[in-house]
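Only the coordinates and a few stated rules stand behind these numbers; no lab work does. Computed from a predicted structure; not experimentally measured. FYI the Cβ positions are ideal-geometry reconstructions off the backbone, even for glycines, and counts take in every protein chain you see.
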2 protein chains.
Amino acid sequence: MKQIGTLAIVGVGLIGGSLALALKSKNAVRQVVGVGRSQANLDEALALGIIDAIASIEEAAKADVVFVATPVAQMPTIFAAMKPHLGASTIITDGGSTKQDVIAAARGALAEAFPQFVPAHPIAGTEKTGAKAAFATLYEKRKVVLCREGETIPSAADTIAELWRTAGAEIHEMSAVEHDDVFAAVSHLPHLLAFALVDMLSQMPRADQYFNYAASGFRDFTRIAGGSPEMWRDISVANRLALREQLNLYRTCLSAFDSWLANPAPEGVAAIEASYVRASAARNAWQRHIEHGEPLPKFGAGHDG
Amino acid sequence: MKQIGTLAIVGVGLIGGSLALALKSKNAVRQVVGVGRSQANLDEALALGIIDAIASIEEAAKADVVFVATPVAQMPTIFAAMKPHLGASTIITDGGSTKQDVIAAARGALAEAFPQFVPAHPIAGTEKTGAKAAFATLYEKRKVVLCREGETIPSAADTIAELWRTAGAEIHEMSAVEHDDVFAAVSHLPHLLAFALVDMLSQMPRADQYFNYAASGFRDFTRIAGGSPEMWRDISVANRLALREQLNLYRTCLSAFDSWLANPAPEGVAAIEASYVRASAARNAWQRHIEHGEPLPKFGAGHDG
C-alpha cells in the first residue's frame, strides 16, 4: 500500500497499539502519534516503540488517518473534540465492537465531515488490555468488518480496507444492522452470560468451594469473563437492542430446559438430548471448519422462522 | 500401593481407559478386563493395550476392583447385573459426575453388598470419547472426590483412594449432597448453558453468518458444547434438582440484566458494570490461583444469603 504519513491512534491499547505495530513492521506508516487518557499508558507505548509521539486530540485530528480504538462509549466525545480541527483529507476510522451507535455518534458529531468516517470492527482481541498487551501479528488472518454508509467516501473506505489488509486481515463488508445482530449473537451475549455466571457464583455462600472444584470446562467457558468490565459494559449498553433480542431468545431456551428438568418424563429427556445432539454436531462441525477449513454444514435448514 | 489382581473396567472410554493405563504404567494392577456395549470399542481397547481381555459383566463382578465408568444412566442396570455374581471381597467404585443418584441406585441394587461400593468422581476429562481418547496421565494432579456413605467399608474406601493417588490424583472428600451442588454450579450448569446457546444459534435463520463470524471468545465459551450429548443428558437429568436450583438463580440474574438493558438509566448501567467488575475480578483471581497457585480471595463475603 501507499505509505500513510501520520497515523493517529486514539486509545493506545491492545487494539490500537497492535495496528500501529503491524503497520510499522510493514513500513506502511511514516509516523504514529498516540492520544489517551492515561499518561502512564502513553509513556509505556512510547517506550515500547508503538507510538513515536504523544499528541492532543486536536493534533490527532489533522493526521492522515485517525484510528479511534477506545471503548465505544467514549467515541461521541472524541468525534466532537476532533470535529473543529479535522483535516480536509483526514480519514477517521474506528475499532468499535458495535456499529449502529458509533455511526450515529459520528454522524451527529462530524456533520458534513461524516463521509470521511469509515466504520470498522476488527474481530480480534485477547482478554489483556493496555499498550503492553499490543503485538504486531494480532490481526493476521483475522476478519475486519467494514460497515460503510451511503455517504462514506469510497476512496476513504478503500484506504482503510488496504490498511487492514496490510496488517494481515481479511476484509468483509455488511450493513451496521447486520453487524450488530451477528455480534450480539456470537460475542456480546456470550460475554454477558460468562460475566453473569462468574458474578453469581462468586457471591454465593459456598463460592470458595465452587471455585476450588472448578476445572478446565469452567476455565474455558468463563475465560471471556476476565475481560475489561468497562469495555463490555459499553458494548452491552451500546448494542442493547440486538443484545436483548438474543438474550430473550436465550431466556426462552433456558425456560424450556427448566420445564424439561422439572418433569423429566421421556419427552423431556428426549428434548434435552435432542438439543444437546444438535449443539454438539454444530459445535464439532464449526471446530473442524476453523481448525481444518472444512465447509460449514447448512445450519438451521428446518427452522427458518 | 499393593498391586491389584484383576481390575474390571465397565465402559472403556476416556475415563475408564485412562485409569487402566495409569495403573498399568505404575505396575499397580496384574490384569485389566474390559466390559462394554460396543465390540468395536473393546477391540480397540484390546489392541491399544488398555485392557488385557474382554469380559462379561458377570465375570467382571468377581474382579478385585470394578470401576464403573459408563454414563450415569446405565449404572443402575450394571449394578443389578453384577449383584448376583459379586465377589465377597470385590470393591466396586464409579466415575460418575453425579453422586446422589448413583448412590441411590447402588444402594437399591446391591442391597446388603452396598458397603462394598465406594462412590467417587474424578474431576478430569476432555471433550473426546472412546477408548482411543484414553491416556495414562489424564489424572495427574487432578482432583478425585470420594463421597463415602455411613455404610462404606473403610478399607474399601482406602483402597480406592490409594488407587487414585497411584494414578496421580489428589483425594478430596465431601458428602454426596455437597458434591452435587458444587458440580451443578461449576460444571453441569455451564455445560447446559453452552449446549443451549450453540443449539439456539445453529437453528436461527442467519446461523451460517453467525458461525462464520464467531471468533476465539465463542470458541472457548462453547468448547464444552462439543461433548457427548448422551453423557450430558444423563448428568443433567440425574442431577436435576441441584441443576435446576442453579439454573433458576441464573435465570434471575439474566432477568435483571434484561431490565438493566431495557432501561439503561445511570442505575442500570452502573448495575451492569458492577456485575462485570465483580466477575472480572473473581475470574482473574481464580486464573492466578490455577496458573500460579495464588490463594483465592474470600468470595461472597457480603452476600451470605
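Some points to look at:
- Sparse-neighbour loop sites [trypsin sites (Lys or Arg not before Pro); the range A:1-40; at most 16 other C-beta within 10 Å; DSSP]: A:Lys2, A:Lys26, A:Arg37
- Think of chain A as having a plus end and a minus end, set by charges on the Cβ of Lys, Arg, Asp and Glu; of A:Gly11, A:His85, A:Ala109, A:Gly11 sits farthest toward the positive end of this dipole.
- When only alpha carbons are used to place a centre, the range A:164-229 and the range B:71-90 end up 42 Å from one another.
- Förster radius 25 Å - calculated FRET efficiency between B:Gln31 and A:Arg219 (Cβ-Cβ, nearest 0.05): 0.10
- Per residue of peptide A:226-233, the mean number of Cβ atoms on other chains within 10 Å of the residue Cβ is 6.
- Position A:Pro295: other-copy label points at 5.9 nm, ordered by increasing distance, label point 7 Å along Cα→C-beta.
- A dipole drawn for the range B:178-262 from +1 and -1 charges on Cβ atoms has a positive end, and of B:Ala256, B:Ile224, B:Ser202 the residue lying farthest that way is B:Ser202.
- Across chain B, C-alpha contacts under 8 Å between residues 6 or more apart give a mean separation that, scaled by the residue count, equals a relative contact order of 16 percent.
- In chain B the longest region clear of GluC sites (Glu not before Pro) that are loop-assigned by DSSP and have at most 14 other C-beta atoms within 10 Å covers B:152-305.
- Membrane-span-like helices in chain B, defined purely by DSSP H runs whose alpha carbon atoms cover 30 Å or more axially and whose average Kyte-Doolittle hydropathy reaches -1.0, are B:240-262, B:266-292.
- Between identical copies, the spacing of B:Ser155 label points, each set 7 Å from Cα toward the C-beta atom, reads 9.1 nm from nearest to farthest.
- Rg/Rh for the protein assembly as shown stands at 1.05; both radii use Cα atoms, and Rh follows the Kirkwood definition.
- Inter-site label distance for A:Val177 and B:Ala265 at 7 Å from Cα along Cβ, in nm: 3.1
- When the helices of the protein assembly as shown are scored as -39500 (n - 2.57) per DSSP H run of n ≥ 4 and the total is divided over every residue, the value at 222 nm lands at -15500 deg cm²/dmol.
- Per-selection Rg to Rh, the range B:59-108 - Cα, Kirkwood hydrodynamic radius: 0.93
- Rotational relation A to B, axis-closest Cβ in chain A, residue and distance rounded to whole Å: A:Asp220, 2
- Each of A:Ala88 and B:Asp158 was given a label point 7 Å from its Cα along the Cα-to-Cβ line. The distance between the two points is 9.2 nm.
- Cα-Cα over 31 Å, subset of A:Lys298/B:Lys143; A:Lys132/B:Lys128; B:Lys26/B:Lys128; A:Lys26/A:Lys298: A:Lys298/B:Lys143; A:Lys132/B:Lys128; A:Lys26/A:Lys298
- Taken over the C-alpha atoms, the range A:246-301 has Rg and Dmax values of 14.2, 41 angstrom.
- Shielding by partners for peptide A:237-246, expressed as the average number of C-beta atoms from other protein chains within 10 Å of each residue's C-beta, is 3.
- Most mobile listed residue (A:Leu42, A:Leu261, A:Leu249) in chain A, GNM with C-alpha springs under 10 Å: A:Leu261
- Charges were assigned to the Cβ only: +1 to each Lys and Arg, -1 to each Asp and Glu. The resulting dipole of the range B:4-174 about its Cα centre is roughly 300 debye.
- The convex hull built on the alpha-carbon positions of the range B:1-91 has an orientation-averaged projected area of 5.4 nm².
- Counting only other chain Cβ atoms within 10 Å of each residue's Cβ, the peptide A:251-260 averages 5.
- Neighbour cut-off at most 10 other Cβ (10 Å), DSSP loop, trypsin sites (Lys or Arg not before Pro), the range A:117-195: A:Lys141
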